[in-house]
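Before any comments, here is the structure.
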Amino acid sequence: MIVVKGKPLDEILSFLLPYKNVLIVGCDGCTQPPRGLREAMTYAMLVEMGAKLRGKTDLKCRATTVAKQCDNHICSTTLTPQLEGVDAILSLACGVGVQTLVEVFPEVPVYPGQNTTFIGSQEREGSMLYEKCKACGECLLGETGGICPITNCPKGILNGPCGGCVDGKCEVPFEIRDETGKVVKTVAKDCAWYLIYQRLKKLNRLDLFRKYRPPRNRAISSSPRLMEVV
Amino acid sequence: MVQAFSNLMRNILDGKFVYTGELEPHKSIDLSEVISWAKTLKETGRIVAANVTDNPKSVGSISSLVASYIIQRETGLEIIYQLRCSDRNRLALVSDLLGAAALGIRNVLALTGDHPRQGDMPTAMPVYDLDGTQLVDLIHRMVYEGKDINGNEIHGPRPQFNIGAAANPNFKPLEVEVLKIERKAEVGAEFFQTQVVFDVNVALEFLDAVKHVNAAFLIGIFPPRSYGQAEYFAKYVPGVQVPAEFLDNLKKISEISDRKERRKRIDEYNIEYFSEFIRAVKKKPSCRGIHIMAVGYPEVVGPLIESVEGS
Amino acid sequence: MLAENSVRIRNEYCSKCLICSSICPFEAISIDKETGEILLNIEKCQVCGICFSACPSSSIDIAYYKTDILSEYIRRARKDNLILVCRGAVIRPELRERLEKQGVLNNFIQWYVPCIGRIPLELLLRALEGGVKRIVIVPCEDNKCRFKFGSNVGLSRLLLLQELLSQIGLNHGVLSFARSSIRAYINRNRCIGCGNCAYICPSNAARLVSPGVAEIDGAACSGCGACTAVCPSLAINLESFENKVILEEISRHRQLISDLRAKGLPAVAVFYCHWASFPALDEYGAYAKENVVFFEVPCSSIINPLYILRAFYEGFDGALVMACRKSECKFERGNELAERQVNAIKNLLRQVGLEGRLEICFVSPKYLGEAEHQIKLFMDKVAAMVGVSK
């Protein structure tokens with residue numbers, strides 16, 4: 001899923017304060033945590049209250065949601081009938097959703113309500129989201145026992161572990177940040193390459209671990225990337 | 001077949017037991033202090049080459065290439081140019097390597113490098129276009145094929161480097177480290193300088209584990225200038241075991257109040273402890289030398305080597 | 001804080017039959033082997049009142065729903081029908097229809113009580129004596145009693161009463177029951193298949209089925225409402241606590257708030273878990289200051305950002321969430337979920353500029369005045385803050 005994190009409200013308000021009728025558009029797609037209708041309603045109230053407390057009383061928000069904000073057809077059919085009188089849109093989707101809305105509705109200013117962070121999985125027990133894939137375009141998981149060194153190793157190296165692995169732990173701090181980017185918590189994490197070693201040893205495939213992996217083809221993951229859908 | 005381009009490798013191939021030193025330039029354009037340390041090392045007549053660090057602990061410092069060149073030029077001491085992947089992509093690495101070769105540097109130590117997050121500019125972008133092993137591969141191709149990692153031809157004479165890599169005898173389980181070393185040796189690492197070892201048993205076990213690897217191993221030691229330095233390793237450098245006896249003895253000496261006397265005793269103890277250490281590891285055929293990382297403490301190096309090798 | 005227990009055993013009247021100790025779902029009652037006294041461990045007690053209604057010698061005192069006051073109320077009300085509903089239960093449309101047909105919904109009193117197991121037969125007899133013609137009791141379903149077996153204990157006692165009544169010639173229609181617990185239900189058209197409900201459900205009633213739509217097994221649902229709080233698409237609602245109902249209820253106080261504002265009084269919304277605090281029928285209003293508005297919820301875990309934000313949006317100056325004490329949640333960890341939710345909402349409110357206006361406290365009806373005390377503390381805090389901002 002695409003992991004998003006709400007932007008600081010001050011930033012959102014700095015976008016929206018010049019407007020009067022704002023449509024807040026959630027996304028029922030893959031955003032995690034979900035940014036559906038309820039979040040849109042939540043932001044609608046937050047923005048109106050925040051505006052009022054900042055002396056702007058005539059800003060009105062309406063909340064709606066779209067099944068998939070990354071699909072221009074769905075956006076166009078769902079939102080076109082709701083756009084009357086709207087002078088700005090706040091999107092709660094990932095950066096893809098924001099840009100799709102910009103393309104579909106070029107005449108309306110569209111602002112992001114979220115910071116798009118990573119492609120990750122949710123660990124329900126600890127209520128944590130973990131980055132799991134960097135969309136590098138040349139999946140290595142088949143060789144690494146299913147553990148991705150590109151995302152799980154801070155250096156993303158292919159021939160690890162590096163010298164920073166001590167007792168199976170990575171010496172680089174793993175940080176949890178708040179909406180402003182400030183570190184609120186640092187956690188010790190396992191060295192990805194140590195996990196890969198353990199897993200491959202268990203699978204009796206240390207030959208894969210021992211194997212030299214030549215440098216990656218960075219052209220594959222150079223932006224912007226395009227693909228033909230057949 | 002390994003060719004000797006440097007005095008270091010020439011000595012190793014000649015079967016001599018080699019000693020290397022370490023120099024750490026800082027975030028400064030003034031190299032006078034490092035040069036004076038280098039002179040001290042050179043004057044021992046025993047240090048065949050010395051490493052010049054590249055942004056150690058990711059603290060942004062003077063270019064290691066520039067420092068290597070100037071120190072080598074000013075002192076005549078052969079340099080092992082350290083090069084890390086943290087800060088440069090493959091283009092920059094190739095440029096610097098070509099420059100180093102043109103400036104007469106003959107040894108490179110290829111490192112993955114500490115993560116920028118641990119240094120003094122933690123907001124920097126970590127590069128790691130290549131890792132340490134791939135850097136060894138790149139240098140090897142430049143030297144032996146005259147090509148970069150994408151197969152592009154280097155015009156004119158090929159760069160001449162002997163290629164070093166890092167190893168860590170403290171790594172547990174040692175099996176992982178051995179597999180990594182095999183990997184690095186496979187792509188062209190000719191010598192390995194190791195992380196600091198205090199416990200001679202750790203070094204001996206490591207040397208046994210890598211005896212099948214066709215490369216020269218230089219065990220890293222760190223004679224501490226004070227009890228505090230040794231304690232730092234014991235407490236804050238994870239994975240490095242410092243024997244309790246070593247710490248205890250240093251602690252006793254550190255309680256001597258007369259500064260001069262204390263210094264003298266610390267020198268003596270370091271020499272006693274490490275000469276014994278060196279004699280023990282020297283018996284292992286896979287051990288081809290010692291890398292003495294006495295940063296800012298070059299005066300101990302000469303007497304230490306003399307006490308092993310005789311004057 | 002000075003805490004007086006709301007449940008007390010008067011050993012001087014006690015006949016040491018030990019029914020209370022054997023019936024207590026929380027093993028809070030024991031006998032002192034040396035003195036022979038019955039001891040109540042108030043820390044274990046959850047104030048279900050089952051012991052109170054079971055005690056043959058009326059030696060157990062409980063502060064809420066006093067029989068005398070309730071009986072008097074019934075007598076004065078002069079109604080034909082009395083409907084007693086457990087807070088965990090609901091009168092569903094089909095039951096309502098049935099009651100309507102039977103004429104029970106004319107000229108009636110309807111009360112919610114924390115557990116059917118706490119109703120003493122005396123109250124019912126006095127109601128009949130006072131002129132009530134029909135009594136309908138709506139307990140929770142068998143396995144869903146918030147007090148383990150209160151529902152069953154209460155029901156078996158009522159069956160006994162039914163039997164006795166028929167012996168004296170009153171037919172079964174005088175006293176009837178209909179078990180019906182509150183359930184969550186889902187609008188599958190709105191579901192976006194996030195799976196939050198399936199994870200949060202304490203009774204494994206919600207699950208995600210292919211193709212990515214949740215379903216809720218009503219028979220298994222225990223009715224806490226946590227799923228509605230985590231549903232990002234407002235697809236799930238809880239019977240009698242629908243999002244729409246709660247939000248409208250909050251908005252209903254717009255006028256009150258502007259009146260209070262005119263008087264210079266801050267308005268505070270209190271969302272209370274109805275197991276954490278018993279604003280009992282007989283003592284209702286004890287802490288009902290004019291500027292505190294209460295919103296009852298079936299478990300604090302149902303509270304979602306919309307409720308709290310709506311309260312502030314409508315002009316409330318503060319919101320207090322009252323959840324059960326840490327180990328006393330009737331749904332495992334609803335209070336923990338509520339605390340997390342409240343912390344997240346606090347962060348949002350802080351960003352708007354409403355820091356310190358939302359609090360959560362953990363209370364129990366077992367200490368008299370505990371909830372009032374918390375409300376007072378919060379009121380003072382809000383009053384100070386509103387004063388400062390003005």
* Just for region C:262-277: of the residues that are among the aliphatic types (A, V, I, L, M) and either over 11 Å from the mean Cα position of the chain (by Cα) or outside the structural domain of C:M322 (by TED's automatic domain parsing) (or both), which one is nearest to C:A89 (Cα to Cα)? -> C:V270
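Out of the residues in region B:30-46 meeting the condition of being in contact with a Pro (Cβ under 7 Å, 6 or more places away or on another chain) and in a helix (DSSP H, G or I), tell me which one is farthest from B:I305 (Cα to Cα). Let's see the steps before the verdict.
Quick first cut of region B:30-46, residues in contact with a Pro (Cβ under 7 Å, 6 or more places away or on another chain) only: B:31, B:34, B:37, B:40-41.
Now drop any that are not in a helix (DSSP H, G or I), which leaves B:34, B:37, B:40-41.
Working: B:V34: 21, B:W37: 16, B:T40: 13, B:L41: 11 Å.
Looking at residues that are in contact with a Pro (Cβ under 7 Å, 6 or more places away or on another chain) and in a helix (DSSP H, G or I), I get B:V34.
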* Asked: Can you find even one residue in region C:312-330 that is in contact with an Asp or Glu (Cβ under 8 Å, 6 or more places away or on another chain) and free of Cβ contacts under 8 Å to residues at least 12 places away in the same chain?
  -> yes
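Would you check which residues across region A:194-230 are in a loop (DSSP other than H, G, I, E, B) and of a type in the set (A, V, I, L, M) and list them?
From region A:194-230, those in a loop (DSSP other than H, G, I, E, B) are A:203-205, A:211-230; that's our starting set.
Within region A:194-230, A:L203, A:A219, A:I220, A:L226, A:M227, A:V229, A:V230 qualify.
Return the residue satisfying two criteria in turn: it lies in region C:330-372 and is among the acidic types (D, E), under 21 Å from the mean Cα position of the chain (by Cα) and surrounded by fewer than 22 Cβ atoms within 10 Å (Cβ to Cβ), and of such residues it is farthest from the other protein chains (Cβ to nearest Cβ).
Step one: list which residues in region C:330-372 are among the acidic types (D, E), which gives C:332, C:336, C:339, C:355, C:359, C:370, C:372.
From what's left, under 21 Å from the mean Cα position of the chain (by Cα): C:332, C:336, C:339, C:359, C:370, C:372.
Subset that is surrounded by fewer than 22 Cβ atoms within 10 Å (Cβ to Cβ): C:332, C:336, C:339, C:359, C:372.
Numbers: C:E332: 14, C:E336: 11, C:E339: 12, C:E359: 18, C:E372: 29 Å.
Filtering first and then ranking leaves C:E372.
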* To do: Determine whether region C:215-226 contains at least one residue that is surrounded by fewer than 22 Cβ atoms within 10 Å (Cβ to Cβ), at pLDDT below 95, in a loop (DSSP other than H, G, I, E, B) and within 14 Å of another protein chain (Cβ to nearest Cβ).
  => no
* **Per-region count, region A:202-222, residues touching a residue at least 60 places away in the same chain (Cβ under 8 Å) and acidic (D, E)** => 0
* Test for B:P169: is it out of contact with any Lys or Arg (no Cβ under 9 Å at 6 or more places or on another chain) and not basic (K, R) -> yes
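Could you say which residue among A:P214, A:P173, A:P154, A:P224 is farther than 25 Å from B:I181 by Cβ and at the interface with chain B (Cβ under 8 Å from one of its Cβ atoms)?
Details: A:P214 fails: farther than 25 Å from B:I181 by Cβ; A:P154 fails: farther than 25 Å from B:I181 by Cβ; A:P224 fails: at the interface with chain B (Cβ under 8 Å from one of its Cβ atoms).
Of the residues listed, the single one that is farther than 25 Å from B:I181 by Cβ and at the interface with chain B (Cβ under 8 Å from one of its Cβ atoms) is A:P173.
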* To do: Tell me the strands (runs of 3 or more DSSP E) entirely within region A:39-133 that contain at least 3 residues that are more than 14 Å from chain C (Cβ to nearest Cβ), of a type in the set (A, V, I, L, M) and exposed (fewer than 15 other Cβ atoms within 10 Å of the Cβ).
  => none
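Here is a yes/no grid of residues against (1) surrounded by fewer than 20 Cβ atoms within 10 Å (Cβ to Cβ); (2) in contact with a helix residue (DSSP H, G or I) (Cβ under 9 Å, 6 or more places away or on another chain):
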site	(1), (2)
C:N11	yes, no
C:I19	yes, yes
C:C24	no, yes
C:T35	yes, no
C:L40	no, yes
C:S53	no, yes
C:D61	yes, yes
* To do: Take region B:155-209 and flag every residue that is touching a helix residue (DSSP H, G or I) at 6+ places or on another chain (Cβ under 8 Å), more than 24 Å from A:K169 (Cα to Cα) and within 14 Å of chain A (Cβ to nearest Cβ).
  => B:V187, B:G188, B:A189
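Answer yes if at least one residue in region C:98-110 is in a helix (DSSP H, G or I), under 18 Å from C:G49 (Cβ atoms), modelled with pLDDT under 90 and outside the structural domain of C:A54 (by TED's automatic domain parsing), and no otherwise.
Applying the first criterion (in a helix (DSSP H, G or I)) to region C:98-110 yields C:98-102.
Checking which are under 18 Å from C:G49 (Cβ atoms) leaves us with none.
No - not one qualifying residue is present in region C:98-110.
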* To do: Go through region B:211-254 and give me each residue that's aliphatic (A, V, I, L, M), more than 14 Å from chain A (Cβ to nearest Cβ) and assigned to a loop (DSSP other than H, G, I, E, B).
  => B:A215, B:V242
* To do: Identify, from the list B:E245, B:E231, B:E309, the residue that is of a type in the set (D, E) and surrounded by 15 or more Cβ atoms within 10 Å (Cβ to Cβ).
  => B:E231
* Asked: Is it true that some residue in region C:142-154 is surrounded by fewer than 16 Cβ atoms within 10 Å (Cβ to Cβ) and more than 20 Å from the chain's Cα centre (by Cα)?
  -> no
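The values are calculated or read from the model by the stated rules, or taken from the named source; none is laboratory data. As the structure is a prediction and not an experimental result, all values here were calculated from the model. So basically every Cβ, Gly included, is an ideal-geometry build from the backbone, and we count neighbours across all protein chains shown.
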